[in-house]
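One structure is given below, encoded as structure tokens.
The values are calculated or read from the model by the stated rules, or taken from the named source; none is laboratory data. Here the structure is a predicted model, which means the values were calculated and not measured. Because the Cβ atoms are built from the backbone with ideal geometry, glycine has one as well, and the counts that use them run over all protein chains shown. Note: accessible area is taken over every heavy atom of the protein model, side chains too, but ligands, DNA and RNA are not part of it. Shrake-Rupley method; radii C 1.70, N 1.55, O 1.52, S 1.80 Å.
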Amino acid sequence: MLRPFNRFILSSIFFTAINYSYAQQVSTNKSPAPVSKPDSTAIMAKGKQVFLNTCKACHGNPAFPKAPALQTLATAAPRAILNVLDNGKMRQQAKALTEDEREAVAEYITHKLLKKIVLPKDAYTNFAFTDNDMRFNYSGWGGNLEGTNFRTAEQAGITPENVGSLKLKWAFAFPDESEIRSKPAVAGNWLIVGSGSGEVYALNRQTGKIGWHITAANGIRSSIVVAKEGNTYTAYFADGSTFVYAVDVKTGKILWSTRAGVDPLAMNTGTLAVYGGKVIVPISSVEVAVAADSTYNCCTSSGGVAALNAKTGEIIWYNRVVPKATAQGKKRNGKPFYGPSGAPVWCSPTIDTKRNLVYIGTGENYTLPTTNTSDALQAIDLNTGKTVWTFQATREDAWNIACPLIVNCPGYKGRDLDFGMAPILVTGADGVQRLLAGQKAGIVYALNPQDGKLLWQTRVGKGGMLGGIHWGMATDGKNVYAANADNIFALNPDSPAIKASPGIYALNVVSGKIEWYTPSPKVPGNQAYLGANSAAPAVIPGIVFAGSNDGHIRAYDAGDGHILWDYNTIQKYTTADGIEGSGGSIDSPAPVMVNGMLFVNSGYAQFGEKPGNVLLAFTVKN
């Protein structure tokens with residue numbers, strides 16, 4: 001039997017690096033029915049030939065670094081690729097292809113068969129944008145430039161007195177999805193939210209009905225940011241291949257799109273930030289998974305941050321986290337090893353308007369030599385893109401998915417202890433600003449935002465490849481609330497005396513002292529790792545909201561941590577769009593609270609967690 005750690009590695013390789021899937025049933029508003037298609041082997045052979053004849057000259061060619069490599073394109077849904085060929089950036093290159101050829105190459109690239117999605121007419125509603133009260137608008141990873149994941153009682157409309165009355169109002173099912181990662185933005189009476197297939201929807205926040213939708217070139221793994229300038233509302237987001245989009249919220253029209261990543265294997269997971277006429281884009285890399293291919297020349301990509309002009313999409317500056325890779329000796333198969341590499345920026349950037357700085361967290365190096373910029377927090381000058389300071393929490397962490405057995409493993413005891421969450425800038429009760437960040441090692445840090453000097457650090461868990469603190473924290477200025485996963489699939493094997501302790505922690509912002517800890521509740525019938533608190537929490541006065549891998553969304557008393565409200569999202573739903581909907585594990589983004597409503601993503605199909613495809617809307621009793 002495979003140990004949990006090895007099962008995690010194989011699961012990661014299968015899901016991320018290979019990303020093959022079998023053809024599923026058609027998803028419609030009626031009972032699924034088989035689709036009459038040619039044999040899948042013939043489709044893939046046809047698609048491969050089209051790719052070789054039409055696409056390969058650019059995609060994978062070092063002479064065209066802006067063209068995403070095949071491995072990056074493989075993370076998309078086939079209909080997202082098809083949309084780009086039909087209507088997007090590649091329509092000129094694809095104009096000579098027949099419809100069958102475009103479909104075949106989309107299926108070959110993604111190794112997934114196209115599925116016919118039919119939404120009923122009553123899934124849609126008239127789109128009329130109104131914004132009568134801007135207090136309720138909300139967007140970005142943490143809801144503000146500081147990344148606090150905090151809402152006032154007035155903004156949230158939810159209190160300790162009425163939280164127990166929260167009831168499900170509507171559910172929206174994302175067609176053909178198994179995980180929901182994109183946190184919705186609130187703009188007037190609409191939610192703007194993305195899907196893993198690259199669809200971006202404007203949903204009426206009272207009904208869940210669709211006002212408009214567009215399709216990006218790759219899946220949307222991050223949250224949406226909506227910025228207002230005059231009477232114009234623009235939604236900004238990045239897709240999985242680092243194309244950044246600006247969309248007019250009032251029309252659903254794409255204003256511009258630009259690929260921010262400079263490496264062919266660049267990808268995006270973190271939510272971008274918008275400030276001062278710039279769009280700040282975090283860049284990671286799928287190379288961490290592609291390294292599982294023993295024939296691949298590993299590894300050359302770097303994490304990064306790009307600044308784009310918010311009006312035009314033009315790249316203003318680009319900060320590369322590690323130096324350009326060079327040959328670093330031979331692997332066991334005699335091929336060269338390249339490095340340094342890695343230090344991906346999985347998290348969202350945090351903006352310090354006072355100091356004119358951008359704060360990021362970085363991940364591990366993929367190969368040797370290691371750098372002082374991996375597993376680190378960094379401050380970057382907003383005007384120039386130059387690094388101002390670096391705080392490294394874990395040294396010599398070199399790891400990729402080839403470890404420990406495949407030839408592209410750097411042969412180092414890497415632990416993959418990223419800063420995967422967005423740093424938080426907060427002023428404590430003493431009037432002092434601190435930069436707070438949680439690491440997958442299970443440690444919370446407070447730094448001086450001016451120079452990156454350590455103010456305090458507190459361990460809350462054992463940590464590991466899936467956290468420790470995986471996706472985030474939240475703060476109300478008094479305490480910082482950390483979700484600690486300590487997922488038994490991938491615990492850090494170091495320090496055996498430190499025991500796993502998944503749950504929600506409250507730490508004093510000023511001192512770092514643990515004020516309370518509520519363990520992840522044990523749910524009968526669930527495997528232990530499903531009890532992990534991996535998703536980012538959110539906080540309002542008196543209440544901390546946090547989702548769990550077991551599919552529960554819970555409200556915790558901010559004073560002592562006892563549970564005020566608990567809802568199990570793992571069930572079937574009648575949905576606003578008529579598509580079959582079901583809940584699953586809650587991971588990645590925090591919930592959104594606005595004007596008496598709570599919006600929760602449910603479904604996360606990685607690492608043994610429960611798939612699901614719904615956005616759930618709850619409302620308090622008036």
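In this simple spin-label model, placing a label point 7 Å from the Cα along the Cα-to-Cβ direction at both ASN126 and GLU161 gives a separation of 3.8 nm. If a spin label sat at a point 7 angstrom from the Cα of ASP381 along the line to its beta carbon, the backbone N atoms of the stretch 316-330 nearer than 15 Å would be those of 317-320. Taking max minus min of the alpha-carbon positions on each principal axis, the stretch 230-311 gives extents of 53, 23, 15 Å, largest first.
The equivalent ellipsoid of the stretch 119-208 has semi-axes of 24, 17, 15 Å, largest first, where each one is the square root of 5 times an eigenvalue of the Cα gyration tensor.
Loop-located trypsin sites (Lys or Arg not before Pro) in the stretch 420-500 (DSSP state not H, G, I, E or B) with no more than 14 neighbouring Cβ atoms inside 10 Å: LYS453, LYS499.
Taking all protein chains as present, what is the carbon and sulfur share of the accessible area of the chain, in % to the nearest whole number, probe 1.4 Å?
On the way: 12320 of 23210 Å².
Percent of accessible area from carbon and sulfur atoms in the chain: 53.
Of the Cα atoms belonging to the stretch 270-330, the radius of gyration and Dmax stand at 15.0, 46 Å. The relative contact order of the chain, computed from alpha carbon pairs under 8 Å that lie at least 6 residues apart in sequence, is 14 percent. Using a Förster distance of 56 Å, how high is the FRET efficiency between LYS56 and GLN571, based on the Cβ-Cβ distance and rounded to 0.05? Here the calculated transfer efficiency is 0.80. For the set LYS228/LYS311; LYS46/LYS95; LYS169/LYS522; LYS169/LYS572, the pairs lying more than 22 angstrom apart at their alpha carbons are LYS169/LYS522. Counting charges near ASP375 (Lys, Arg +1; Asp, Glu -1) among other residues having Cβ under 13 Å from its Cβ returns a value of -2.
Under the classification rounded if a/c is under 1.5, otherwise prolate if a/b is larger than b/c and oblate if not, where does the stretch 507-622 fall, given a ≥ b ≥ c as square roots of the Cα gyration tensor eigenvalues? Note, shape of the stretch 507-622 comes out oblate. Across q = 0.10 Å⁻¹, the stretch 443-531 modelled as identical point scatterers on its alpha-carbon atoms has Debye log10 I(q)/I(0) values of -0.27, in the order of the q list.
Determine the calculated [θ] at 222 nm for the chain from helices alone, applying -39500 (n - 2.57) to every DSSP H run no shorter than 4 residues and normalising by the residue count; nearest 500 deg cm²/dmol. Walk me through the numbers before you get to the answer.
Working: 7 runs with 54 residues, N = 622.
Result for the chain, helices only: -2500 deg cm²/dmol.
When Rg is the radius of gyration of the Cα atoms in the chain and Rh is its Kirkwood radius, what does Rg/Rh come to? Dividing the radius of gyration by the Kirkwood radius yields 0.94.
Dipole check for the chain: with +1 at the C-beta of Lys and Arg, -1 at the C-beta of Asp and Glu, and the Cα centre as origin, the magnitude is about 800 Debye. Solvent-accessible surface of the stretch 295-433, taken per residue with a 1.4 Å probe and all protein chains present: 37 Å².
Summing +1 for each Lys or Arg and -1 for each Asp or Glu among the other residues whose beta-carbon sits under 9 angstrom from that of LEU255 gives +1. Listed values for the stretch 541-554 are Karplus-derived 3J(HN,Hα) couplings in whole Hz (6.51 cos²θ - 1.76 cosθ + 1.60, θ = phi - 60°), namely x, x, 9, 10, 9, 8, x, 10, 4, 7, x, 8, 9, 10, and x replaces Gly and Pro.
Taking amide H as placed 1.01 Å from N in the peptide plane, LYS278 has its amide H under 5 Å from the amide H of ALA310, each at least 5 places away in sequence or on another chain. Stretch ASP248-GLN328 to full length: gain in nm at 0.36 nm per residue minus the Cα-Cα span? Computed gain between ASP248 and GLN328 is 24.1 nm.
So the label point goes 7 Å from the Cα of THR207 along Cα→C-beta, right? Which residues of the stretch 577-600 then have their backbone N under 15 Å from it? What the label zone holds, given the 15 Å backbone N cut-off, is 577-578.
Cα gyration tensor of the stretch 409-567, axes a ≥ b ≥ c as square roots of the eigenvalues: rounded (a/c below 1.5), prolate (a/b > b/c) or oblate? Can you show the working numbers first?
On the way: a/c = 2.05, a/b = 1.07, b/c = 1.91.
Judged from the Cα gyration tensor, the stretch 409-567 comes out oblate (a/c at least 1.5, b/c at or above a/b).
Short to long, the 5 Å bins of the Cα pair-distance histogram for the stretch 371-444 hold 3, 14, 18, 19, 18, 13, 8, 5, 2, 1, 0 percent of all pairs.
Here's how it looks for TRP170: its modeled amide H is under 5 Å from those of ALA617, which are all 5 or more places away or on a different chain.
In terms of Cα atoms, the Rg and Dmax of the stretch 416-490 work out to 12.2, 41 Å.
Taking 0.36 nm per residue of separation and subtracting the current Cα-Cα distance, fully stretching the chain between GLN527 and SER40 would add 171.8 nm. For LEU265, the shell of other residues with beta-carbons less than 12 Å away shows a net charge of -3, using +1 for Lys and Arg and -1 for Asp and Glu.
How much of the pair distance distribution for the stretch 102-142 lies past 15 Å, counting alpha-carbon pairs only, in percent? Write out the running numbers ahead of the final one.
Working: 584 of 820 pairs.
Cα-Cα pairs of the stretch 102-142 separated by over 15 Å account for 71 percent.
Projecting the Cα atoms of GLY342, ILE498, SER534 onto the charge dipole of the chain (Cβ charges, centred on the Cα centre) puts GLY342 farthest toward the positive pole. Alpha-carbon geometry of the stretch 201-259: the Rg and the Dmax are 11.6, 34 Å, given in that order.
What Kirkwood Rh does the stretch 265-416 have if only Cα atoms enter the pairwise 1/r average? Answer in Å. Let's see the in-between values first.
Numbers: mean 1/r = 0.0640 Å⁻¹.
For the stretch 265-416, the Kirkwood estimate is 15.6 Å.
By the Kirkwood approach, averaging reciprocal distances over each pair of separate Cα atoms, the stretch 302-382 gets a hydrodynamic radius of 14.0 Å.
Treating only the Cβ of Lys, Arg, Asp and Glu as charged (+1, +1, -1, -1), what charge dipole size does the stretch 410-483 show about its Cα centre? Round to the nearest 20 debye. The partial results should precede the final answer.
On the way: 8 positive and 5 negative charges, 57 e Å.
For the stretch 410-483, the charge dipole is close to 280 debye.
All C-alpha pair distances within the stretch 184-289, sorted into 10 Å bins from zero, spread as 16, 50, 27, 7, 0 percent across the bins.
If you count, for each residue, the other Cβ atoms within 10 Å and average over each peptide, how do 613-622, 279-288 line up from highest to lowest?
By packing density, highest mean first, the sequence is 279-288, 613-622.
With a cut-off of at most 13 other beta carbons within 10 Å, and DSSP calling the residue loop, which GluC sites (Glu not before Pro) in the stretch 85-185 qualify? Please list them. Answer in residue order: GLU161. Averaging Cα coordinates gives a centre for the stretch 436-490 and one for the stretch 530-593; these two points are 20 Å apart. Highest mean first, the peptides 518-528, 543-553, 352-362, 76-86 sorted by other C-beta atoms within 10 Å per residue fall in the order 543-553, 76-86, 352-362, 518-528.
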